[in-house]
1. Within the range 41-77, track down each residue that is loosely packed, with under 12 Cβ neighbours inside 10 Å and part of a loop (DSSP other than H, G, I, E, B).
2. Can you pull out every residue in the range 7-39 that is closer than 21 Å to Ile74 by Cα and surrounded by fewer than 12 Cβ atoms within 10 Å (Cβ to Cβ)?
3. Would a scan of the range 10-28 turn up a residue that is in a helix (DSSP H, G or I) and modelled with pLDDT of 85 or more?
Amino acid sequence: MFEEMENNELVRINEWFEEVWSLKYEDKKNIYVKRFEPFLCKKNESLNQLKNRYDELLDNLKEFKIRKLNPEQISKFAEALPLEWDDFLIELKKDSSFQVFIYVSLSISFKNMIAKLIRKRKI
């Protein structure tokens with residue numbers, strides 16, 4: 001019985017993959033474009049998980065020759081962060097180097113900025 005249920009699940013997964021792969025190029029492209037605008041952090045998602053999911057979305061867009069400019073990448077990622085990051089983002093945007101951040105180094109910049117803010121608060 002369990003094997004039969006398992007086989008049924010595998011059949012459904014296989015059918016889903018066939019459906020996804022059969023989508024037209026433009027349909028696939030539109031799916032990723034539509035995912036970019038409402039992109040937000042999921043409940044209980046870590047910063048690393050969010051960044052990995054965002055990187056995957058950007059990579060999928062690149063496959064369709066859609067490239068987001070650095071300011072747009074950073075802005076969208078900042079918007080996707082959960083509410084508890086709001087105060088941090090306000091402080092980060094006050095830093096003059098924020099305007100020249102490169103998305104690829106954003107997580108490093110976040111870690112450096114967190115350390116800088118912690119030092120300031122201790123003083």
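The values are calculated or read from the model by the stated rules, or taken from the named source; none is laboratory data. Everything numeric here is computed off the predicted structure, so don't read it as measured data. Positions of Cβ are generated from backbone atoms using ideal geometry, with glycine treated the same way; all protein chains shown enter the neighbour counts.
1. Listed by number, the residues that qualify are Lys42, Lys43, Asn44, Ser46, Lys65, Arg67, Leu69.
2. Once the filter is applied, which keeps residues that are closer than 21 Å to Ile74 by Cα and surrounded by fewer than 12 Cβ atoms within 10 Å (Cβ to Cβ), the range 7-39 yields Lys34, Glu37, Pro38.
3. Applying the first criterion (in a helix (DSSP H, G or I)) to the range 10-28 yields 10-22, 25-28.
With modelled with pLDDT of 85 or more added as a condition, the list becomes none.
Within the range 10-28, not a single residue is in a helix (DSSP H, G or I) and modelled with pLDDT of 85 or more.
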